[in-house]
Amino acid sequence: MNGRPPTQPPSLPPSADQTMEEDKPLKKMAEAFNELSIRLDQFPEGEEARLELSPFSNACSLVSPLFRCLGIAFKFAELDYVAKFKFVTNVWFDLSCILMWLPDMYLYDSFKVNDLAGASKSISVLPLMMDDDVKSDCVRKAGSHTRNLLRVKRGIDMVKVLFEHIISTQGNSLKEPASKAYAQVFSPYHGWAIRKAVAAGMYALPTKAQLLNKLNEDETSARIQMQNFVASAALVVKYIDQLFISRGLGTDW
């Protein structure tokens, strides 16, 4: 014995398989929303579920990488930001100018998720968060937690519908699935200028093969994860809609 501490063997770098497994945003999304659906199922039928805000906001944050992979067509994300644009009657705004602003609108969507994450530090569950806004008479005010929740819910629904159409559509193009999902979820709340900008952005979408490559998935594994997300997200979207409806707030605003 020379008094020296035993030499520790050098740590091995993670294998390629481990790295790929850790960098699978689609799988992470599906697993996080499956966990939310399990939490919702634990509440007795007829009782309003009290979904914790922290795991909900964390699951929503995992959707962001998908929007980045899809490119500019999906960087509009939150359309109430458009209210900050003051479109003057009879003044033409160039499409390229609108497209220039789309990344900022996407960041504003991330702000909404971050707002809910911040709220989770002092508010435990979604119903309580909404009830506080109702009491404060600020539900529809810009920046309110409840307003942000509605916009985030719409983003979840958009991804769910997009996956449904990707699963049911043949071929390598994402233009048809994305266009249908946008028309179903977001288009009713957008003005002409944003609809036009999004339509133009659809031509810049990656192919399905390119998207799956960015997500580190093959056709088979992606289908499984998309199906899992669709099933879980449907329960989450339905739950949030019911929170709004049961409080007489509606969701078409």
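Could you tell me whether segment 214-223 includes any residue that is without any contact (Cβ under 8 Å) to a residue 60 or more places away in the chain and within 20 Å of the chain's Cα centre (by Cα)?
The answer is yes, given that some residue of segment 214-223 is without any contact (Cβ under 8 Å) to a residue 60 or more places away in the chain and within 20 Å of the chain's Cα centre (by Cα).
Testing Thr169 on (1) hydroxyl-bearing (Ser, Thr, Tyr); (2) at pLDDT 95 or above; (3) more than 30 Å from Pro127 (Cβ to Cβ), one condition comes back false. Which one is that?
Of the numbered conditions (1) hydroxyl-bearing (Ser, Thr, Tyr); (2) at pLDDT 95 or above; (3) more than 30 Å from Pro127 (Cβ to Cβ), the odd one out for Thr169 is (2).
From Val134, Val139, which residue is in contact with a Leu (Cβ under 7 Å, 6 or more places away or on another chain) and of a type in the set (A, V, I, L, M)?
Val139
Out of segment 156-166, which residues are open to solvent by 10 Å² or more (accessible area, probe 1.4 Å) and within 22 Å of Ser57 (Cβ to Cβ)?
Asp157, Lys160
Provide a single number: the residues in segment 237-253 that are among the small types (Gly, Ala, Ser) and in a helix (DSSP H, G or I). Full working, then the answer.
Looking only at segment 237-253, we keep the residues that are among the small types (Gly, Ala, Ser), and these are 246, 248, 250.
Those left that are additionally in a helix (DSSP H, G or I): 246.
Summing the residues that are among the small types (Gly, Ala, Ser) and in a helix (DSSP H, G or I) in segment 237-253 gives 1.
Please state which one of Leu107, Leu116 is more than 18 Å from Phe67 (Cα to Cα), modelled with pLDDT under 85 and assigned to a helix (DSSP H, G or I).
Leu116
What pairs can you find where one residue is in segment 163-190 and farther than 14 Å from Phe67 by Cα, the other is open to solvent by 70 Å² or more (accessible area, probe 1.4 Å) and basic (Lys, Arg), and their Cβ atoms are less than 8 Å apart, with a gap of 6+ or different chains?
What qualifies is His165/Lys180; Ile167/Arg223; Ser187/Arg195.
Helices (runs of 4 or more DSSP H) wholly in segment 167-236 with at least 1 residues that are touching a Pro at 6+ places or on another chain (Cβ under 9 Å) and either surrounded by 15 or more Cβ atoms within 10 Å (Cβ to Cβ) or of a type in the set (S, T, N, Q) (or both) - which ones?
Those helices (runs of 4 or more DSSP H) span 208-214.
Quick check on Ser54: is it open to solvent by less than 70 Å² (accessible area, probe 1.4 Å) and at pLDDT 90 or above?
When the stated conditions are applied, Ser54 passes them.
The values are calculated or read from the model by the stated rules, or taken from the named source; none is laboratory data. No experiment lies behind these values; they were computed from the predicted model shown. Cβ: placed from backbone, ideal geometry, glycine included. Neighbour counts: every protein chain shown. Accessible surface areas use protein heavy atoms only, side chains included; no ligands, DNA or RNA. Shrake-Rupley method; radii C 1.70, N 1.55, O 1.52, S 1.80 Å.
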